[in-house]
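A short write-up of the structure that comes next.
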Amino acid sequence: MRLSFLVPFVLAASSASAQASAASKPLHWQVPPVLPPGALIAVVSGDPTGPGESTLALSMPDGYRIPPHFHPGYEHVEVKEGTLLVGMGDRLDPKQTRPLAAGDSATAPAGMHHFSIAKSRTVLLVTFDGPYTITYPRASDAPQPRVFPNGY
């Protein structure tokens with residue numbers, strides 16, 4: 001199922017284009033500095049730091065929240081495992097979400113303020129035109145630089 005982040009929500013068939021890419025090579029998981037602590041990402045295709053289309057795999061634990069944010073280009077997500085609760089706006093409100101289950105997908109157009117919550121361990125494929133940029137409307141929602149014990 002594909003869910004468009006336009007009001008009202010529009011449902012359609014899901015796309016399988018990113019599925020083939022995910023199976024073609026082993027993934028190298030790492031901590032994403034642009035998201036709150038707890039998630040892991042892996043590059044599936046493309047170069048997320050450069051121009052052009054890229055796809056990332058995103059793994060989130062149960063209850064993980066991505067605060068309201070937006071991107072300069074579209075963001076397409078496909079749920080591979082678990083359930084993602086998605087909502088629109090500048091305030092993360094679990095009561096204002098719609099569930100996306102494994103096999104469902106959604107696209108947020110450029111500039112759409114949206115947020116999400118993982119219900120159970122959730123794995124997504126995230127496709128976008130790079131470079132990947134995420135902006136949090138409220139500075140307090142932006143992840144803080146991480147300081148590790150050895151200063152790294």
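Is there a residue being at pLDDT 95 or above, in contact with a Lys or Arg (Cβ under 8 Å, 6 or more places away or on another chain) and surrounded by fewer than 19 Cβ atoms within 10 Å (Cβ to Cβ) anywhere in the stretch 97-105? Yes, the stretch 97-105 has at least one match. Farther than 28 Å from K25 by Cα and touching a Gly at 6+ places or on another chain (Cβ under 8 Å) - does that describe any residue in the stretch 51-69? Yes: one or more hits.
Within the stretch 42-92, work out how many residues are of a type in the set (A, V, I, L, M) and surrounded by fewer than 16 Cβ atoms within 10 Å (Cβ to Cβ). Outline the logic, then answer.
Start the filter on the stretch 42-92 by keeping residues that are of a type in the set (A, V, I, L, M), which leaves 42-44, 56-58, 60, 66, 77, 79, 84-86, 88, 92.
If we keep only those that are surrounded by fewer than 16 Cβ atoms within 10 Å (Cβ to Cβ) as well, we get none.
Total satisfying the criteria: 0.
Considering the stretch 106-124, the residues that are aliphatic (A, V, I, L, M) and buried (at least 22 other Cβ atoms within 10 Å of the Cβ) include one that is farthest from G52 (Cα to Cα), namely A118.
The values are calculated or read from the model by the stated rules, or taken from the named source; none is laboratory data. It should be emphasised that the depicted structure is a prediction, and the values quoted were computed from it without experimental measurement. Neighbour counts run over all protein chains shown; Cβ positions are idealised from the backbone, glycine included.
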